[in-house]
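Please read the structure below before turning to the comments.
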Amino acid sequence: MSFISDSFFQFSNTINGEARSGSKVTQAVNPSNKQLLWNVPVATEDDLNGAVAAAAAAFPSWSQTPWGERGKLLLQVSETLKANLKEMASLGMQETGKPINYATTEVEHSLSFLTYHGNHPELAPKTVEDNDNFKLTVRYSPIGVVAAICPWNYPLVLAISKIAAALITGNCVIVKPSPFTPYSILKFTELVQSIFPPGVIQAVNGDDMAGPFLCDHPGVQKISFTGSISTGKKIMAAASRTLKRITLELGGNDACIVCPDVDIGVAAPQIAVGSFLNSGQFCMGSKRIYVHKDIYRPFMQAITDVVKSWKVTPSTSEADNTLGPVQNEMQYNIVKRFFEDSYTFALGEGTVPDSDSFVIRPAIIDNPPDKSRIVTEEPFGPIVPLLSWTDEDEVIRRVNDTNTGLGGSIWSADVERADRLAQRIDTGTVWINSRPKPLPMGYLAGRKESGLGGEWGTEGLFSYCNTQTVHLYRTVAPRPTKV
Ligand code: NAD
């Protein structure tokens, strides 16, 4: 029997503080059983214009609400989400396909973003120069209406991280979830609506029109986007027409370097999770594992044994699976094609049998050529190559030989050596002796085609602010003026 009331599974857009249904509805698919999920309205141009107008109307007062007050409201949001944790985890599991434990972790991670931002001190003006006659300061103010355009792999936490940063800095936010996973963010926005004045936080599910429409809209001042590199480029082009501010958090092809001095028994299980978490649909997941040649074979044996021991099944509230399905049919077909390339499989095989779900059993590829697709592209699925390396210069050159630069990880008993390698990796983030584990206080900014600008942490808050440089002369003194 379900512990959740039926009304929890009714969904609407939230515009100007009100639940808005629509004449057109759609349904996303539960990847664990390919069944259609609940009806969800598809926003029209009128809806989107209404949302932008409501946000613009709310902005003057919201932007003047003291920082501390906005922080308290975010902490209230966190309490509301916490009170609905089980329900939201169930929703997340059903729309993403991830195991219930990991869907629960996503809600918990969302809470940590809310509390981090709710408790973050105000961005103080920066004094550049200060003397008897003159003071030069840089101060920070909100940008205006922010559109948060989100992907399907972590639909709740990636949206909430944008919402929390946008709101604490005094912006109004319109969230557009992926059409593959609209439910948890629409429900979240509905649950927290009464905490804010109308128009401060809104959410709209849309079809293919909605994202481009918001990017073109002259009433939107900033786009915060997380998603694929190809869409990121389209957003950058669209934003140029109105010179919107943009933050792009895009795809990666992150490498993990395993040095010969690691304790294989301790490192291999963690590296396995770092690669296969969320069935490989994790932007910062380790997508290429470079293992020193001296330990290559035993490491391969160890990581293969770990992954083989996992339960890989469709996700239900009762299943204790480690991996669930990939999230949607489009992604399933993309991942399937990687299996069809001819590799030596250390785990798995070159076929993906059809089934009643989008489950793909995990695969590990044994030392494929550097130029093979599994090494050069982001599969975003449960298939990972192991590559053997010999010396540091060589592994760094191979790791950096990519158009992406999101993150990377290094494992070594010698922390100085690991840090030396870390400095040579051309990525925005690096983990040493840990699997990739994003934290709300850790700035995330992809290099190369992995992004533009960044989010999270104190640095990330600046991306939601305009700066104003103030040249203050304490007296109006006569001065010689050169023209
Ligand atoms: P996607 O680019 O297909 O879609 C993301 C969002 O953009 C969706 O809401 C979609 O509706 C919208 N969209 C699509 N076309 C648009 C357009 N022309 N204008 C405006 N909006 C548009 O990405 P996805 O498949 O949902 O997500 C997977 C990708 O996201 C992977 O490449 C992954 O690595 C990346 N990702 C990056 C991060 C990060 O923090 N860097 C985090 C998660 C995922």
- Candidate aspartates and glutamates for bridging to residue 24, where Cα separation is under 16 Å - those fewer than 8 sequence places away on the same chain excluded: 45, 46, 47, 207, 208
- Task: Report, in order of residue number, the helices in the chain meeting two criteria: a C-alpha extent of 15 Å or more along the helix axis, and a mean Kyte-Doolittle hydropathy of at least 1.6; treat each whole DSSP H run as one helix.
- Result: 155-168
- Dipole magnitude (debye, nearest 20) for region 138-263, charges at Cβ of Lys, Arg, Asp, Glu: 620
- Message: Nothing charged except the Cβ atoms of Lys and Arg (+1) and of Asp and Glu (-1): what's the magnitude of the dipole of the chain about its Cα centre? Round to the nearest 20 debye.
- Response: 1180
- Task: Any chance you could run the full-extension gain for residue 243 through residue 45? It's 0.36 nm times the residue separation minus the Cα-Cα distance, nm to one decimal.
- Result: 69.1 nm
- Note on the structure: Full extension between residue 141 and residue 5 adds, at 0.36 nm per residue less the Cα distance, a length in nm of 44.8 nm
- Task: Tell me the label-point distance for the pair residue 236, residue 195, using the 7 Å Cα-to-Cβ offset, in nm and rounded to one decimal.
- Result: 3.4
- Message: Can you give the FRET efficiency to the nearest 0.05 for residue 316 and residue 420, using r as the Cβ-Cβ distance and R₀ = 60 Å?
- Response: 0.85
- Message: Could you check the spin-label model distance between residue 21 and residue 85? Points 7 Å from the Cα along Cα→Cβ, value in nm.
- Response: 3.4
- Message: Given a Förster distance of 41 Å, report the FRET efficiency between residue 472 and residue 439 from their Cβ-Cβ distance, rounded to the nearest 0.05.
- Response: 0.65
- Message: Relative contact order of the chain, please, whole-number percent, based on alpha carbon pairs below 8 angstrom and at least 6 residues apart.
- Response: 18
- Amide H to amide H under 5 Å from residue 26: which residues, 5+ apart in sequence or cross-chain, H placed 1.01 Å off N in plane? 40, 42
- Message: Please compute the contact order of region 6-79 in relative form: average sequence separation of alpha-carbon pairs under 8 Å and at least six residues apart, divided by the residue count, as a percent.
- Response: 26
- Item | region 275-346: projected area of the alpha-carbon convex hull, averaged over directions, in nm² | 6.0
- Rounded to the nearest 20 Debye, what is the dipole magnitude of region 255-432 about its Cα centre when Lys and Arg each give +1 and Asp and Glu each give -1 at the C-beta? 160
- Given H placed 1.01 Å from N in the peptide plane, which residues other than close sequence neighbours of residue 389 have an amide H under 5 Å from its amide H? 291, 292, 293
- Query: Counting each DSSP H run of 4 or more residues in the chain as -39500 (n - 2.57), what helix-only mean residue ellipticity at 222 nm follows after dividing by all residues, to the nearest 500 deg cm²/dmol?
  - Reply: -11500 deg cm²/dmol
- Query: How many percent of the alpha carbon pairs in the chain exceed a separation of 40 Å?
  - Reply: 24
- Task: Please give the net charge around residue 265, taking every other residue with its beta carbon less than 15 angstrom from that of residue 265, where Lys and Arg add +1 and Asp and Glu add -1.
- Result: -2
- Distant-in-sequence amide H partners of residue 365 (H built 1.01 Å from N, under 5 Å): 346, 384, 386
- How do the peptides 412-424, 357-369 rank, highest first, by the average count of neighbouring beta carbon atoms within 10 Å per residue? 357-369, 412-424
- Query: Stretched out fully, how many nm does the piece from residue 345 to residue 122 gain, at 0.36 nm a residue minus the Cα gap?
  - Reply: 75.1 nm
- Note on the structure: Rounded to whole angstrom, the alpha-carbon centroid of region 215-286 lies from that of region 350-395 at a distance of 18
- Item | Viscosity 1.306 mPa s, temperature 10 °C, Stokes-Einstein D of region 255-432 from Kirkwood C-alpha radius, µm²/s | 97
- Message: Using the Karplus curve 6.51 cos²θ - 1.76 cosθ + 1.60 with θ = phi - 60°, what ³J(HN,Hα) values do you get for each residue of region 203-220, in whole Hz, with x for Gly and Pro?
- Response: 9, 9, 7, x, 8, 5, 6, 5, x, x, 4, 5, 5, 8, 5, x, x, 9
- Item | Dipole of the chain, positive direction: furthest Cα of 432, 171, 326, with charges on the beta-carbon | 171
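Every read-out reported here was derived from the displayed coordinates using simple, explicitly stated rules and does not represent laboratory data. Since the model is a prediction, treat every value here as computed from it, not as a measurement. Backbone-built Cβ (ideal geometry, glycine too); neighbour counts: all protein chains shown.
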